[in-house]
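Any read-out appearing in this document is the output of simple, stated calculations on the displayed coordinates, not a laboratory observation. This structure is a prediction, so every number in the text was calculated from the model and none was measured. No Cβ is skipped: glycine too gets one built from the backbone with ideal geometry, and neighbour counts run over all protein chains shown.
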Amino acid sequence: MEIKISLDEYADVPFIKKLLSQIKGITNIEVSENDKTYSWEEIENSEYFAKVMEQSENDYKNGKTQELTDDLLTEIFNKK
């Protein structure tokens, strides 16, 4: 089974991928842009991803965190 999600140019793709990768049952995540598909490995190994992860780690160390609730996740994924 597959789910296709369309994002605008300002979407936080690394965060979305990280969030999705933590959900039980998700076995593969791919990102495509203008007919080019990027595998999870390509994204993880990219310089941009490394910078985003470093910034995320710095934000966490500095107390800048955001906790997601079940209600928010339900709203995001329209789960009933």
Query raised in the report: Rounded to the nearest 500 deg cm²/dmol, what is the calculated helix-only ellipticity per residue at 222 nm for the chain, with -39500 (n - 2.57) per DSSP H run of length n ≥ 4?
Result: -13000 deg cm²/dmol
Query raised in the report: Which of (i) 21, 20, 12; (ii) 18, 14, 12; (iii) 32, 14, 11 is the computed semi-axes √(5λ) of the Cα gyration tensor in Å for the structure on display?
Result: (i)
Query raised in the report: Using Cα pairs under 8 angstrom and six or more residues apart, how large is the relative contact order of the chain, in percent?
Result: 13
**Report entry** Under-24-angstrom lysine pairs by C-alpha in the range 13-77, whenever the two are 8 or more apart or on separate chains
**Finding:** 11
Report task. Report the chymotrypsin sites (Phe, Trp or Tyr not before Pro) located in the chain that are in a DSSP loop and have at most 10 other Cβ atoms inside 10 Å of their Cβ, or state none. Result -> TYR10
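In nm, what is the difference between 0.36 nm times the number of residues separating SER32 and VAL13 and their Cα-Cα distance?
So the extension gain works out to 5.7 nm.
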Report task. Using a 10 angstrom cutoff on alpha carbons, build the Gaussian network for the chain and name the most mobile of SER32, SER21, SER56. Result -> SER32
Requested in this report: Tell me the GluC sites (Glu not before Pro) within the chain that lie in a loop according to DSSP and have at most 16 other beta-carbon atoms within 10 Å.
Outcome: GLU2, GLU9, GLU67
